[in-house]
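Chemist: Here you go, one structure.
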Amino acid sequence: MAMFKKICILGLGLIGGSLARAISKRGLASHITGIDVDHRNLKEALDEGAIHSCGEIPGAFDGADLLILATPVDTTLNLISQIFPHLSPGMIVTDVASTKEKIVSRASTVLPDNVLFVGGHPMAGSEKSGFRNSMPNLFDAAHYFITPTEYTSRDAIEKIKSLVKAIGAVPLEITPGEHDQVVAILSHLPYLTATALVNILRDRPGFPDFLQLAAGGFKDTTRIASSNPIMWQQILHSNSEKIVPILDNFINLLQHYKRMLEKGDTDLLLGELKKAREVRDHINCRIKDE
């Protein structure tokens, strides 16, 4: 049974396209319309049956009871300021951007009280982009952050939570600030680490020869460095206040490892390696359980 009469998805890349596929596959909306500046994404989404129609701002909003902003951080911030005159009373608006404090603050400031904004962020994705890489099962068992404020409509929150569960994800309600702190550690620091590793290799003499020797460990650790750099530039800039202290902690820990190696303190080093393995193995167990 359809949960929404009409869902409008603005942005049909990897995440927006996967949402369209997941919603369409499960019949969660009577009608899905898509908006995207890339006509290839629109054509592919129509051809695949992920959306029923495509349109432009603001006409595509007509009759929609849910608008999903599936665009990069800066675009989402700009869109919130641009679209508010065209939103109908009672419409729910949500987003999927990787940082939340600035977006939720902008929505709270700009959107009228009768438009119900609920911040969101699925912890799912890939280093690939575009509708062609979208998948209807991308969100299966993935955590999906819901980031309301004290003023967010409880009814709107519950509707978004129900949609999240219906596409196979696990909703997790958290404040925007807590969200940005968590993703600084779990997502943003790993991306910076991956790019640093790649750039260290790039700057080494004989780089092309080293590259041919890269095996599983290096490839697995640096996979995310293949992601869209413009998208990541926006993410990192928008969450810099949370990322910088985490980077300081990381640099201090690397310095600690360096001192252990310089002093030949193998017992202390072994202890650090064992602690890391224990925590990482626990993550593996959780993934299997879920």
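The values are calculated or read from the model by the stated rules, or taken from the named source; none is laboratory data. For clarity, every value in this text was computed on a predicted model and none was experimentally measured. Backbone-built Cβ (ideal geometry, glycine too); neighbour counts: all protein chains shown.
Chemist: Within the range 134-155, track down each residue that is in a loop (DSSP other than H, G, I, E, B), in contact with an Asp or Glu (Cβ under 8 Å, 6 or more places away or on another chain) and modelled with pLDDT of 95 or more.
Modeler: Listed by number, the list holds a single entry, P148.
Chemist: Of the residues V244, V198, V183, V170, which is assigned by TED's automatic domain parsing to the domain that holds T71 and under 24 Å from the mean Cα position of the chain (by Cα)?
Modeler: That would be V170, the only listed residue that is assigned by TED's automatic domain parsing to the domain that holds T71 and under 24 Å from the mean Cα position of the chain (by Cα).
Chemist: Taking the stated definitions as given, is L66 crowded, with 24+ Cβ neighbours inside 10 Å and of a type in the set (A, V, I, L, M, F, W, C)?
Modeler: Criteria met by L66.
Chemist: List pairs: first in the range 240-259 and under 16 Å from Y191 (Cβ atoms), second of a type outside the set (A, V, I, L, M) and part of a helix (DSSP H, G or I), Cβ under 7 Å, 6+ apart or cross-chain?
Modeler: K242/D180; K242/Q181; I243/H188
Chemist: Name the one entry in I251, I243, I224 that is under 23 Å from T76 (Cβ atoms) and at pLDDT 95 or above.
Modeler: I243
Chemist: Taking into account only those residues within the range 3-43 that are of a type in the set (S, T, Y) and part of a strand (DSSP E or B), which is surrounded by the fewest Cβ atoms within 10 Å (Cβ to Cβ)?
Modeler: Per the stated criteria, the residue is S30.
Residue-wise test of (1) outside any strand (DSSP E or B); (2) within 20 Å of N133 (Cβ to Cβ); (3) at pLDDT below 95; (4) not charged (D, E, K, R).
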position: A45; (1), (2), (3), (4): yes, yes, no, yes
position: F84; (1), (2), (3), (4): yes, no, yes, yes
position: P89; (1), (2), (3), (4): yes, no, no, yes
position: K102; (1), (2), (3), (4): yes, no, no, no
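Chemist: Could you list all residues from the range 69-120 that are closer than 17 Å to F145 by Cβ and of a type in the set (F, W, Y)?
Modeler: F117
Chemist: Counting only residues that are among the polar types (S, T, N, Q) and free of Cβ contacts under 8 Å to residues at least 60 places away in the same chain, which one in the range 219-239 is nearest to E101 (Cα to Cα)?
Modeler: Within the range 219-239, the match that is nearest to E101 (Cα to Cα) is Q233.
Chemist: When you go through P122, P136, P190, P176 one by one, which is the residue that is in contact (Cβ under 8 Å) with a residue 12 or more places away in the chain, touching a helix residue (DSSP H, G or I) at 6+ places or on another chain (Cβ under 8 Å), of a type outside the set (A, V, I, L, M) and closer than 24 Å to G90 by Cβ?
Modeler: That would be P176, the only listed residue that is in contact (Cβ under 8 Å) with a residue 12 or more places away in the chain, touching a helix residue (DSSP H, G or I) at 6+ places or on another chain (Cβ under 8 Å), of a type outside the set (A, V, I, L, M) and closer than 24 Å to G90 by Cβ.
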